[in-house]
Every structure is written in structure tokens, then in C-alpha cells.
Amino acid sequence: MSLSLSARVDEALASAFHLLALPPELAHAEPSSRPELGDFQCHAALAAARVVRRPPRAIADEIAAALRGDARFAAVEVAGPGFVNLRLADGFLAGVAATTLVDPALGVRNEGEGQLVVLDFGGPNVAKPLHVGHLRSLVLGESLRRIHGALGWRTHGDAHLGDWGLQMGMLSSAIRRTSPSLPYFTGAGPYPSEPPVTLDELERLYPEAAAASREDPARMAEARADTAALQAGDPGLLALWHTLRQLSVDAQVQDFALLDVHFDALDGESDVRDAIAPLVENLRARGVARDSDGALVIDVALPGDATEMPPLLLAKSDGAALYATTDLATLQARAQMPGLAKVIYVVDQRQALHFQQVFRAARRAGIADGVDLVHAGFGTVNGKDGKPFKTRQGGVARLRDLLDEAVERAGERVESSERVAVDERAGLAAMIGIAAVKFADLSGDRLSGYVFDAERLVAFEGKTGPYLQYAVVRMRSILEKAGAQPAEQQVGIPHATQPVERELVLACLAFGDKVSEAAHLLQPGVLAAWAYDIAQRFSKFYDRCPILREEDDAVRAHRLGICQLTLAVLQRALILLGITVPTRM
Ligand code: ARG
């Protein structure tokens with residue numbers, strides 16, 4: 001593993017700080033936002049001034065003097081109240097670029113050091129088709145899983161299926177109404193392993209049953225009774241539950257595959273069902289939970305809370321499993337996994353209060369002590385009216401419908417492409433359409449919602465997935481053409497001299513830092529924005545600097561090297577975002 005460019009600059013600063021007896025933890029520079037002033041800027045003199053009680057400008061002058069003799073820098077300038085602007089020597093930049101290119105990690109740090117992070121994402125509910133709300137959790141969660149993996153974490157992706165709640169009782173009671181003689185209800189086994197309904201029927205049945213239960217108290221009472229019986233272990237209801245769960249999960253797994261989303265476990269709420277009663281009893285006995293009007297609650301408010309923090313509802317008088325209780329029991333189970341350091345819940349921001357309650361209750365209960373618990377919330381996918389995305393009929397949009405629409409739009413673009421053989425067009429449209437949806441979902445701040453506009457997000461121009469796919473395809477094609485040239489015209493080291501070349505290479509070498517930043521902020525959008533910036537810088541470089549047409553062999557070799565570096569980091573970034581690149585487009 002090689003050090004990233006910024007780490008190497010900091011290393012150079014560290015030796016200067018050591019010489020000058022300045023606090024070593026301040027030896028740090030940032031990529032400059034004004035390339036005309038320098039490649040990096042160090043603000044440390046300002047902070048150091050407070051520690052060593054000398055004027056910042058004088059300290060900056062000393063730092064600059066110490067660095068001027070350093071061959072890694074071509075120019076060192078002091079500006080303003082004590083900023084040190086650093087211009088890297090071309091040779092140093094090329095050397096770092098060359099070592100980064102041969103580093104399998106491409107300069108990404110091993111921060112995780114093999115610690116385990118659980119990513120709880122997807123969260124589909126059994127019997128309900130995946131809807132647009134699940135899209136974000138799947139796409140963001142998958143990217144965060146890949147990003148942590150790249151940073152040396154051991155990752156465990158868990159879908160945490162909603163498979164143990166009231167919806168199961170709604171379904172079984174609805175099925176009993178139409179087919180009371182099914183063995184599940186008559187008591188005697190053996191029970192058929194085939195589900196009594198098809199997937200289509202199931203997906204229609206659930207909303208009907210839910211609506212009926214909402215409208216009719218008698219239906220709701222039946223649903224609750226069935227849920228309680230299921231949770232108490234009724235063998236017939238368990239057998240029915242099992243077949244319905246399987247039917248639904250099998251369909252969901254196909255959607256995961258379509259989105260190229262991978263789970264290490266498809267565990268669900270039901271997996272901790274046996275742990276719930278003992279957990280509740282333990283928390284009651286230890287006084288962590290208290291009685292409140294027949295229910296059991298855990299107080300989670302803390303002095304200094306800015307907003308009201310209601311107690312967590314642990315158990316109701318009827319004893320049915322509750323969402324928060326299942327989450328606590330699941331966390332307790334996860335805490336047994338060796339090396340667990342962090343759990344990231346990628347769930348709708350509207351559940352923020354729930355997770356605050358669960359995390360605080362876990363702390364009070366001593367569950368998963370020392371494990372970092374974080375909620376990576378996200379905003380809604382909206383229609384063009386700015387409201388949560390609905391189907392044309394006004395219903396909840398299914399994930400499939402949304403993907404189909406994007407793939408269809410992408411198909412219209414591919415239709416006219418002469419570069420692509422007719423029989424490859426459908427596959428290509430799928431790859432472009434899905435990348436377009438995923439990229440739109442990932443770019444931007446995860447907490448803000450975004451407007452789903454299929455037409456715009458499949459565009460080949462602008463900040464879109466297809467634009468980035470195309471950038472990679474183009475770089476590959478340049479390198480492929482170069483590969484067919486004589487030996488003296490092959491790829492050389494990425495040695496940048498022109499401003500557009502240097503700006504591109506500097507941005508490429510920030511890859512490792514961006515991956516870290518995306519993980520620390522739990523924002524794949526950081527990486528998405530960086531990838532778009534790289535593609536734009538590459539276009540500018542390609543416009544101004546001839547590559548294959550360049551006559552000078554050495555210059556061409558260096559430019560091909562820059563192309564190779566750009567391709568390597570951009571390609572890796574797209575993998576971390578979960579975006580697949582076609583061979584042609
Ligand atoms: N099934 C839940 C829902 O649809 C999401 C689950 C999120 N994960 C969790 N551990 N609570 O709202």
C-alpha cells in the first residue's frame with residue numbers, strides 16, 4: 001500500500017515541523033482551491049502561533065524557508081496572515097502518480113484494519129414489493145458497504161427483513177377468509193411447501209388486506225390475533241408464514257441482483273424472535289425498563305436535549321413484538337460478532353427519532369458497549385411536483401416500475417447508436433438506465449431528497465451516470481488504440497507538466513482522501529461529485545492536449561500515462577458507487 005499524495009505532503013511538512021519544534025499534529029496541508037497560488041495550502045502557522053505564542057507570519061516564513069530546500073516542492077510562498085502555498089515539483093508529482101498506479105489500493109488507506117462493520121440496509125418488508133423508498137437504502141447502503149471494504153473494513157451487509165410484524169397477520173387472516181379449509185388453518189399438518197398464492201396475488205392481497213384492516217375494526221382484530229398466534233408459535237400459521245416469506249424474498253432477491261446489490265445475510269426481525277422475551281424480562285428486572293400504563297418503556301431523554309425525546313416503547317400489554325424491541329434484540333445478537341466496531345443503519349431520515357431512541361436505550365442497557373452506532377438517514381425520492389414519488393395512478397411506486405422507466409428512456413438513446421450492435425442494445429440500455437438511477441440517487445447530499453426525472457438522469461451530458469460511464473469507455477478506447485501501437489509509443493509514467501494535466505493528476509491523486517471522506521461523512525455523494533469532476537477535467541485535458549495524435553513519443557507516453565491513471569481511479573470510484581461500465585456505448 002502506498003501513501004496518498006496528501007499524506008506525502010504532510011510527511012514533508014512533518015519533517016519541517018520537527019526541525020522547527022512546532023506541534024507535529026499541525027503538520028497538515030489541504031489541496032488548494034486556487035491552483036494559481038499553489039497545489040496545496042498549509043494553514044498550520046495560524047494554529048501554531050497560539051501554541052508557541054509568536055506571530056503566525058513569522059512562523060509561516062520559517063516553514064517556507066525549511067521547505068524551500070526540499071526537492072518535493074517547486075515553489076513555496078507565504079500569503080495573507082500566514083498561509084503557506086506549496087507548488088509540487090513535477091517530478092515528485094509524477095513519482096507519486098506512478099506509485100499510486102501500481103498500488104492495488106490506488107492510495108486508499110487501510111483505516112478499517114480488519115474491524116467489522118455491519119451495514120443494515122435495504123430493509124424490505126415481506127409481502128410488499130420493493131418500492132422507491134427502498135431504492136435509496138439499497139443504493140446508498142451498497143455503496144457504503146463497498147467504500148468500507150475498500151478502506152480495509154470487514155463488512156457484513158444485512159437486509160434486516162421486516163418479516164415479523166402485523167402485516168403477516170393481515171395476510172394470514174385475509175387468506176383464511178377466502179380459503180378457510182387450507183391445512184394451515186385447520187390445525188393438522190403436514191403443510192404444503194408451496195405457497196397458496198402466486199407472487200402477483202400476494203402483492204395484490206397485501207394492500208387489500210391492509211386497507212380492510214384499517215377500515216374494519218373486526219378485520220384488524222383478526223389480523224392482530226393472527227399476529228399474536230404466529231408470534232406465539234402456532235404451527236399452521238408458522239408454516240404459512242414460511243412459504244409467504246420465501247415467495248416474497250425470492251422476488252426481492254431478483255431486484256437486488258438487478259441493482260447489483262449484495263448481502264451477506266438476509267436476516268430478518270423474525271431471527272431474533274426467541275431473544276425478545278428474555279431481553280424484555282432482563283431489562284425489566286434490571287430496572288432499565290419501567291412500567292407505564294401497563295406498557296414497558298425505557299426512558300431515553302437526557303438533560304440538555306433540545307427537542308423532546310419520548311421514551312422507547314419496549315413492550316405493550318398484549319406482548320406483541322415491537323419495532324424498537326426487535327432492533328434492540330438484533331443489536332444484541334450482532335454484538336456477538338467478533339471484532340464488531342460499528343453498525344450503520346441506512347434508513348429513511350423519517351426514522352431518525354426511532355434510531356436515537358434505540359441507540360440511547362442500547363447504551364443504557366449495556367447492549368453493544370463500545371460499538372459505534374450510526375444512522376445514515378436519507379431524504380425521499382420525489383416526483384416532479386416535489387412530493388414523494390407516486391405512480392400515475394397515485395399509488396406507491398414500485399422499484400421495478402421506476403427502473404423500467406429509466407431503462408426504457410435509456411433504450412431510446414441507445415436505439416440511435418451506430419457503435420452498438422442491435423443485439424447488444426437491450427443489455428446496454430439496462431446497464432445505462434440502472435447506472436443513471438443509481439448515480440442520481442448517490443450524487444448530492446443523502447439527507448436531501450431529489451426529483452426523479454428519468455429523462456434527465458439518463459442524459460449523456462451533465463452530472464449523470466451515463467456521462468461517467470461514457471468517460472470510462474472513452475479512456476479505455478484510447479488506451480486500447482495505443483496498445484496496438486509500436487513499443488516506443490506505449491504508455492509511460494503519468495508525468496504532468498501542462499496546467500490542465502497537472503490539475504487532472506492532482507485531482508486523481510485525491511482519490512484515497514475522497515474515499516475516506518465519503519466513509520467518515522457516510523456520504524457516497526462525495527465520491528460521486530469527485531468522479532464527475534474527474535470526468536470533466538479529463539474532457540478538458542483531452543480537448544487541449546492531443547494524446548494519440550501527439551508526435552513527440554515521450555509526451556505521448558506521459559499523456560497515455562495520465563489517461564491510464566485517470567481510468568484506474570475513475571473506474572475504481574464507479575465500482576465503489578456500484579456502477580457498472582459497459583464495454584461500448
Ligand atoms: N423494514 C423497515 C421499514 O420498512 C426498515 C428496517 C430498517 N432497519 C432497521 N434495523 N430498523 O421501515
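Some points to look at:
- Inverting the pair-averaged 1/r between distinct Cα atoms of the stretch 331-385 gives 12.4 Å as its Kirkwood hydrodynamic radius.
- Cα Rg, Dmax, the stretch 50-192, angstrom units: 30.3, 90
- With eigenvalues of the C-alpha gyration tensor scaled by 5 and rooted, the stretch 446-521, Å: 31, 20, 11
- Degrees between helix 425-442 axis and first principal axis of the chain (Cα, 0 to 90, nearest 10): 90 degrees
- With Cα atoms defining each centre, the stretch 348-401 and the stretch 218-236 are spaced 27 Å apart in the structure.
- In percent, rounded to a whole number, the relative contact order of the stretch 1-92 is 25, using alpha-carbon pairs under 8 Å and six or more apart.
- Summing charges over neighbours of V288, with a neighbour being any other residue whose Cβ is under 13 Å away from its Cβ, gives +3 when K and R count +1 and D and E count -1.
- Ligands, DNA and RNA are left out, and with a 1.4 angstrom probe the accessible area of the chain is 44 Å² per residue.
- Per-residue ellipticity at 222 nm computed for the chain from its helices equals -17000 deg cm²/dmol, with DSSP H segments shorter than 4 residues left out and the rest contributing -39,500 (n - 2.57).
- Pairs exceeding a 22 Å alpha-carbon distance, out of K384/K463; K128/K463; K384/K438; K463/K540; K438/K540; K128/K342: K128/K463; K438/K540; K128/K342.
- Modelled FRET efficiency - R0 25 Å, D543 with R34, Cβ distances, 0.05 increments: 0.65
- Spin-label zone in the stretch 557-585 - amide nitrogen under 13 Å from a point set 7 Å from the Cα of L199 along the C-beta vector: none
- Here, the chain has an Rg and a Dmax of 28.5, 90 Å when only alpha carbons are counted.
- Helix 553-577 axis versus longest C-alpha principal axis of the chain: approximately 20°, rounded to the nearest ten.
- Zero-based 5 Å bins, Cα pair distances in the stretch 137-190, whole percents: 4, 16, 14, 12, 10, 8, 8, 9, 10, 7, 3, 0
- The alpha carbons of the stretch 288-418 occupy a box of 67, 38, 33 Å along the principal axes, longest dimension given first.
- Measuring max minus min along each principal axis, the C-alpha atoms of the stretch 400-541 give extents of 51, 43, 20 Å (largest first).
- When all protein chains stay in place and ligands, DNA and RNA are ignored, the 1.4 Å accessible-area order of R145, R214, largest first, is R214, R145.
- Between the C-alpha center of the stretch 65-91 and that of the stretch 543-585 there is a gap of 30 Å.
- Percent of C-alpha pairs per 10 Å bin, the stretch 1-125, short to long: 13, 37, 26, 14, 7, 2, 0
- Sequence-distant contacts, meaning Cα pairs under 8 Å at least 6 residues apart, place the relative contact order of the chain at 15 percent.
- Degrees between helix 199-215 axis and first principal axis of the chain (Cα, 0 to 90, nearest 10): 70 degrees
- Tensor-based shape of the stretch 216-303 (alpha-carbon gyration tensor, a/c under 1.5 rounded, otherwise prolate or oblate): oblate
- Value of D in µm² per second that Stokes-Einstein yields for the stretch 281-327, Kirkwood Rh from Cα pairs, at 37 °C (0.692 mPa s): 288 µm²/s
The values are calculated or read from the model by the stated rules, or taken from the named source; none is laboratory data. Just so it is clear, the structure is predicted and the values come from calculations on it, not from any experiment. Heads up, the Cβs are rebuilt from the backbone with ideal geometry, glycines too, and the neighbour counts pull from every protein chain shown. Protein only, heavy atoms only, side chains kept; ligands, DNA and RNA dropped before computing areas. Shrake-Rupley method; radii C 1.70, N 1.55, O 1.52, S 1.80 Å.
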